[in-house]
1. Just give me the residues in region 91-113 being within 23 Å of Gly76 (Cβ to Cβ) and open to solvent by 20 Å² or more (accessible area, probe 1.4 Å), in sequence order.
2. Does region 18-42 hold any residues that are under 30 Å from Ala119 (Cβ atoms) and crowded, with 17+ Cβ neighbours inside 10 Å, and which are they?
3. Residue by residue through region 50-68, note down the ones that are among the aliphatic types (A, V, I, L, M) and in a helix (DSSP H, G or I).
4. Do you know which residues across region 55-70 are touching a residue at least 40 places away in the same chain (Cβ under 8 Å), surrounded by fewer than 19 Cβ atoms within 10 Å (Cβ to Cβ) and within 20 Å of Lys137 (Cβ to Cβ)?
5. Please state which of the following conditions Thr88 fails to meet, knowing it meets all the rest: (1) open to solvent by less than 20 Å² (accessible area, probe 1.4 Å); (2) among the β-branched types (Val, Ile, Thr); (3) part of a loop (DSSP other than H, G, I, E, B).
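The values are calculated or read from the model by the stated rules, or taken from the named source; none is laboratory data. Just so we're clear, the structure is a prediction, and the values are computed from it rather than from any experiment. Here the Cβ positions follow ideal geometry from the backbone for every residue, glycine too, while neighbour counts run over all protein chains shown. Please note that ligands, DNA and RNA were not included when accessible areas were found on the heavy atoms of the full protein model with its side chains. Shrake-Rupley method; radii C 1.70, N 1.55, O 1.52, S 1.80 Å.
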Amino acid sequence: MAWSRLASLDAIARYAETTPQSTALIQPDGSTLSYSELWTQVQMVSLRLEETGFGAGERIAVLLPQGAGEVLATTGVLNTHSAVRLKTKSSTAEVEACLEKLSVSALIAAPEFEEQVAAALRLGITVLIARKGESSKEWQ
């Protein structure tokens, strides 16, 4: 089966090209991202995953609090990979079962999810920690 991008990603890329300064994302604190900024960050997430060794289509789980960071990470994953968005209120056992059942290759998580991160590591899953305010280049 051929890999195809999502229409929403095509739309973001198109708006980034045709109206780059238009507002794409408004964060809870009132700050905004333009389509150009959003597209740049989406591509950075995809590049970070590729640099870490994950090929197109691999399943990447995202465990981040609701907000701009979660939107950016999930959209960036969807650019070239398959995203598995995890609920932040899930128990560690539920997260672990989901990661295992879906054969997830990596987990992008916020630092506050220590137990879930430890479970992923026990399963041999690569974990990237996404700290608030950090660029995806800085995820460790």
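1. Our first condition is that a residue be within 23 Å of Gly76 (Cβ to Cβ); within region 91-113, this holds for 95, 98-99, 102-113.
If the condition is that a residue be within 23 Å of Gly76 (Cβ to Cβ) and open to solvent by 20 Å² or more (accessible area, probe 1.4 Å), then Cys98, Leu102, Ser103, Ser105, Pro111, Glu112, Phe113 are the ones that fit.
2. Start the filter on region 18-42 by keeping residues that are under 30 Å from Ala119 (Cβ atoms), which leaves 27-28, 41-42.
Within region 18-42, Gln41, Val42 qualify.
3. If we filter region 50-68 for residues that are among the aliphatic types (A, V, I, L, M), which is where we start, we get 56, 60-64, 68.
Within region 50-68, Ala68 is the sole residue that qualifies.
4. Taking region 55-70 as the starting set, the residues that turn out to be touching a residue at least 40 places away in the same chain (Cβ under 8 Å) are 56-65, 67-69.
Restricting the remaining residues to those that are surrounded by fewer than 19 Cβ atoms within 10 Å (Cβ to Cβ) gives 56-59, 65, 67.
Scanning region 55-70 gives Ala56, Glu58, Gly67.
5. Condition (1) is where Thr88 drops out.
Results for (1) assigned to a loop (DSSP other than H, G, I, E, B); (2) farther than 17 Å from Ser8 by Cα, shown as yes or no for each residue.
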position	(1), (2)
Pro28	yes, yes
Arg48	no, yes
Glu70	no, no
Ala83	no, no
